[in-house]
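Only the coordinates and a few stated rules stand behind these numbers; no lab work does. Bear in mind the structure is a predicted one, so any value in this text is a computation, not a measurement. Please note: Cβ atoms are built from the backbone with ideal geometry, for glycine as well, and neighbour counts cover all protein chains shown.
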Amino acid sequence: MSSYHRKYIVAGNWKMNKNAVEAKQFIEELVVELGTQSDVGVVVCPPFTALESVARALEGSHYCAVGAQNMHPEPSGAYTGEVSAEMLRHLFVSYVILGHSERRAYFGETDDFIRQKVLVALENNLKPILCVGETLEQRDAGHMFDVVGHQLREGMRGVDASQLESFVLAYEPVWAIGTGRTATPEQAQEMHAFLRKQLAGQFSEDVAQKVRILYGGSAKPDNVEQLFRQEDVDGGLVGGASLEVRSFMKIIEVAHQLTEQEFATV
Ligand code: PGA
């Protein structure tokens, strides 16, 4: 982490896993494990159908926030199967993952559509977790900075600098998602530093320092420490390893320990 202190965020992306009952059990266990730790921002992103049971199970707890995995930019209307920002707010959702590579690849989401969602999320006081990342072919061809830079620019066009403090970015190389193949700490740092530089150019240096940039892609208890130690890596967006309380807690614990170490050396 840099000398500019950014609180780590560890967000669990459950994808299409856990029904409402399983979600409730998970949260009840998690709440006990978390206790009153507050130096790491913890977020769980269940499927839509479990948002309500997660929010209820978290009632009265200030140590874990709820995120959705997607939303539609329109406030209401004839969009079968979709969910609006206002509907999410009603369920006490505070974060929303936007532009995940699975949405881009399997559901044809474009940068333009993702940007509409980003703007609507911010208008509705939902904190976007905007995902960017290149495929293996794009990396092998040396195009990763172009691809990711484009996704960032297009996804954030029209965002006001004043809204950036509640903005979260996630660098998720597509080749690392669910593959067991993690980016090396150096690869992650290189891309995160690039993203922060882009933000500084698009907004300002000061604002860029405040945006949390999470790493995602096969993040696990045994590889996050080196990733989280990188200056521009401010936490993780965790898929597979967020589905069990034990492994999710271990990742949170790493972020917690690094935060303590950082304060001990100030
Ligand atoms: P993974 O997924 O940790 O299972 O690779 C991460 C993500 O897609 O957000």
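Please work out the Cα center distance from region 10-39 to region 204-240, rounded to the nearest Å.
20 Å
Relative contact order of region 124-228: what whole-number percent is it, with Cα pairs under 8 angstrom and at least 6 residues apart? Walk me through the numbers before you get to the answer.
Values: 134 pairs, mean separation 34.2, N = 105.
Value for region 124-228: 33 percent.
Hey, can you grab everything whose amide H is under 5 Å from the amide H of residue 203? Only 5+ residues off in sequence or another chain; H modelled, so Pro and N-termini drop out.
Result for residue 203 returns nothing.
What ranking of 127, 210 emerges when the number of other C-beta atoms within 10 Å of each C-beta is taken as an exposure proxy, fewest first?
The fewest-first ordering by Cβ neighbours comes to 210, 127.
I need the phi-derived Karplus couplings for region 129-146: 6.51 cos²θ - 1.76 cosθ + 1.60, θ = phi - 60°, integer Hz, Gly and Pro marked x.
So the Karplus estimates, Gly and Pro as x, are 10, 7, 9, 9, x, 9, 7, 5, 4, 5, 5, 4, 7, x, 9, 4, 6, 4 Hz.
Which chymotrypsin sites (Phe, Trp or Tyr not before Pro) from region 51-126 combine a DSSP loop assignment with at most 12 other Cβ atoms within 10 Å?
79, 107
Work out from phi, with θ = phi - 60° and the Karplus expression 6.51 cos²θ - 1.76 cosθ + 1.60, the ³J(HN,Hα) of each residue of region 220-236, listed in order in whole Hz, and give x for Gly and Pro.
9, x, 8, 10, 6, 4, 5, 5, 5, 6, 5, 3, 9, 9, 10, x, x
From the square roots a ≥ b ≥ c of the eigenvalues of the alpha-carbon gyration tensor of the chain, which class results: rounded (a/c under 1.5), prolate (a/b over b/c), or oblate?
Working: a/c = 1.37, a/b = 1.04, b/c = 1.31.
Rounded is the answer for the chain, as its axis ratio a/c remains below 1.5.
How far is the Cα center of region 46-71 from the Cα center of region 97-119, in Å?
21 Å
Straight distance only, please: which aspartates and glutamates reach the Cα of residue 250 with their own Cα at less than 14 Å, same-chain residues fewer than 8 apart left out?
Straight-distance partners of residue 250: 29, 33, 222, 225.
Give the calculated FRET efficiency between residue 105 and residue 36 to the nearest 0.05, with a Förster radius of 45 Å applied to their Cβ-Cβ distance.
0.70
DSSP beta bridges in the chain, what fraction antiparallel, as a percent rounded to 5?
Values: 0 of 28 bridges.
Here the antiparallel bridges make up roughly 0 percent for the chain.
Over 28 Å between Cα atoms, which of 15/117; 127/197; 15/220; 18/127; 18/117; 18/210 qualify?
On the way: 15/117 19 Å; 127/197 21 Å; 15/220 16 Å; 18/127 23 Å; 18/117 25 Å; 18/210 33 Å.
In this structure, 18/210 exceed 28 Å between Cα atoms.
Return the loop-located GluC sites (Glu not before Pro) in region 1-76 (DSSP other than H, G, I, E, B) with at most 12 other Cβ atoms within 10 Å of their own Cβ; answer none if there are none.
Hits after loop and neighbour filter: 59.
Can you sort 144, 191 so the residue with the fewest Cβ neighbours within 10 Å comes first?
144, 191
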